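Student: Before I ask anything, here is the structure I am working with.
The values are calculated or read from the model by the stated rules, or taken from the named source; none is laboratory data. Here the structure is a predicted model, which is why all the values come from computation and not from measurement. Note that each Cβ is placed from the backbone with ideal geometry, even for glycine, and that neighbours are counted across all protein chains shown. Heavy atoms of the whole protein, side chains included, go into the accessibility calculation; ligands, DNA and RNA do not. Shrake-Rupley method; radii C 1.70, N 1.55, O 1.52, S 1.80 Å.
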Amino acid sequence: ELITIFEPLAGHDYELHPMARAFLRDNLELAAKARNLPTAQSAFMRILQGRYASKALTLMLELGILERFIPETQKIKGRIQYDVYHTYTVDMHSINATAHLHELRALEPEAFMHVHDHAALLLAGLLHDIGKGHGRDHARTGAGIAYTIARRLDLRRESAELVRFLVL
């Protein structure tokens with residue numbers, strides 16, 4: 001339920017009650033326990049596909065849930081890129097990528113007519129910089145990390161391979 005609580009937030013423009021926020025902050029160990037639960041895995045994938053996914057993911061990040069549910073995100077949390085291309089920290093840049101994919105799909109639906117695996121595309125968008133903090137070739141490193149995460153989230157092998165390819 002610690003992960004599923006974010007589903008309505010991702011689907012609608014809802015806020016989370018301050019008492020719920022406090023409860024979540026006080027029970028972060030549950031996010032790590034939820035990592036291998038099928039209900040939490042499928043809930044996370046539904047969160048990614050929600051219209052307000054970036055809002056829900058940002059809240060998960062703020063509360064410390066995202067890096068406990070997907071521990072590989074710890075290396076990119078709050079990470080600053082020192083170049084002219086990155087305005088945001090890597091974690092927010094990654095979350096914003098999912099928001100842009102949702103916006104693009106709404107504005108240009110014909111561009112997505114041939115996308116058969118929206119879940120894999122959104123997960124790849126979220127994880128496209130997951131390899132940062134692991135050395136110079138972050139795309140190659142990130143591709144392997146993204147595949148591992150996709151499989152842990154119980155994506156089919158073909159979908160996980162697509163996530164790997166898109167991150168690479």
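Student: Name the residue that is most open to solvent (accessible area, probe 1.4 Å), counting only residues in region 7-29 that are hydrophobic (A, V, I, L, M, F, W, C) and more than 24 Å from L122 (Cβ to Cβ). Don't jump to the end; show me each part of the working.
Tutor: Initially, region 7-29 is screened for residues hydrophobic (A, V, I, L, M, F, W, C), giving 9-10, 16, 19-20, 22-24, 28.
Filter again for more than 24 Å from L122 (Cβ to Cβ), leaving 19-20, 22-23, 28.
On the way: M19: 145, A20: 26, A22: 44, F23: 114, L28: 28 Å².
That would be M19.
Student: Considering only region 20-39, state which residues are among the aliphatic types (A, V, I, L, M) and touching a Lys or Arg at 6+ places or on another chain (Cβ under 9 Å).
Tutor: At the first step, the residues of region 20-39 found to be among the aliphatic types (A, V, I, L, M) are 20, 22, 24, 28, 30-32, 34, 37.
Residues satisfying the conditions are L28, L30, A31, A32, A34.
Student: Return yes or no: is A111 in contact with a Leu (Cβ under 8 Å, 6 or more places away or on another chain) and either closer than 16 Å to A53 by Cβ or surrounded by 12 or more Cβ atoms within 10 Å (Cβ to Cβ) (or both)? Walk me through it before giving the result.
Tutor: On the way: in contact with a Leu (Cβ under 8 Å, 6 or more places away or on another chain): yes; either closer than 16 Å to A53 by Cβ or surrounded by 12 or more Cβ atoms within 10 Å (Cβ to Cβ) (or both): no.
It is false that A111 is in contact with a Leu (Cβ under 8 Å, 6 or more places away or on another chain) and either closer than 16 Å to A53 by Cβ or surrounded by 12 or more Cβ atoms within 10 Å (Cβ to Cβ) (or both).
Student: Here's something else I'd like to know. Inspect region 1-9 for any residue being modelled with pLDDT under 95, assigned to a loop (DSSP other than H, G, I, E, B) and over 20 Å from T73 (Cα atoms) and give the result as yes or no.
Tutor: yes
Student: Within region 155-168, can you find the residues that are open to solvent by less than 50 Å² (accessible area, probe 1.4 Å) and either of a type in the set (V, I, T) or in a loop (DSSP other than H, G, I, E, B) (or both)? Steps first, please.
Tutor: Keep residues of region 155-168 that are open to solvent by less than 50 Å² (accessible area, probe 1.4 Å), which gives 155, 159-160, 163, 167.
L155, V163, V167, listed by residue number.
Student: Let me ask something else about it. Considering only region 28-58, state which residues are over 14 Å from T98 (Cα atoms) and either of a type in the set (V, I, T) or in a helix (DSSP H, G or I) (or both). So that I can check it myself, show each step before the final result.
Tutor: Let us first name the residues in region 28-58 that are over 14 Å from T98 (Cα atoms), namely 28-43.
Hits for region 28-58 are E29, L30, A31, A32, K33, A34, P38, T39, A40, Q41, S42, A43.
Student: Identify the residue in region 59-81 that is open to solvent by 20 Å² or more (accessible area, probe 1.4 Å) and outside any helix (DSSP H, G or I) and, among all such residues, is nearest to G11 (Cα to Cα).
Tutor: K77
Student: What are the pairs with Cβ atoms under 9 angstrom where one residue, in region 55-82, is under 15 Å from R152 (Cβ atoms) and the other, located anywhere, is among the basic types (K, R) and assigned to a loop (DSSP other than H, G, I, E, B)? Sequence gap at least six, or different chains.
Tutor: Going by the 9 Å Cβ cut-off, the qualifying pairs are L66/K77; E67/K77; R68/R35; F69/R35; I70/R35; P71/R35.
Student: Can you confirm whether I130 is surrounded by 18 or more Cβ atoms within 10 Å (Cβ to Cβ) and either modelled with pLDDT of 95 or more or not polar (S, T, N, Q) (or both)? Break it down into steps so the answer makes sense when it comes.
Tutor: Values: surrounded by 18 or more Cβ atoms within 10 Å (Cβ to Cβ): yes; either modelled with pLDDT of 95 or more or not polar (S, T, N, Q) (or both): yes.
Against the criterion (surrounded by 18 or more Cβ atoms within 10 Å (Cβ to Cβ) and either modelled with pLDDT of 95 or more or not polar (S, T, N, Q) (or both)), I130 qualifies.
Student: Another question, if that's okay. State whether one or more residues within region 47-68 are under 17 Å from the mean Cα position of the chain (by Cα), aromatic (F, W, Y) and within 21 Å of A146 (Cα to Cα). Walk me through how you get there before you give the answer.
Tutor: So in region 47-68, the residues under 17 Å from the mean Cα position of the chain (by Cα) come out as 47-68.
Of the ones still in play, those that are also aromatic (F, W, Y) are 52.
After this cut, where a residue has to be within 21 Å of A146 (Cα to Cα) as well, the list is none.
No; the residues of region 47-68 include none that is under 17 Å from the mean Cα position of the chain (by Cα), aromatic (F, W, Y) and within 21 Å of A146 (Cα to Cα).
Student: Can you pull out the residues in region 82-97 that are in a loop (DSSP other than H, G, I, E, B) and surrounded by 15 or more Cβ atoms within 10 Å (Cβ to Cβ)?
Tutor: Filtering region 82-97 down to residues in a loop (DSSP other than H, G, I, E, B) leaves 82-89.
The answer is H86, T89.
Student: Does at least one position in region 136-154 carry a residue that is touching an Asp or Glu at 6+ places or on another chain (Cβ under 6 Å), open to solvent by 40 Å² or more (accessible area, probe 1.4 Å) and part of a loop (DSSP other than H, G, I, E, B)?
Tutor: No, because not a single residue in region 136-154 is touching an Asp or Glu at 6+ places or on another chain (Cβ under 6 Å), open to solvent by 40 Å² or more (accessible area, probe 1.4 Å) and part of a loop (DSSP other than H, G, I, E, B).
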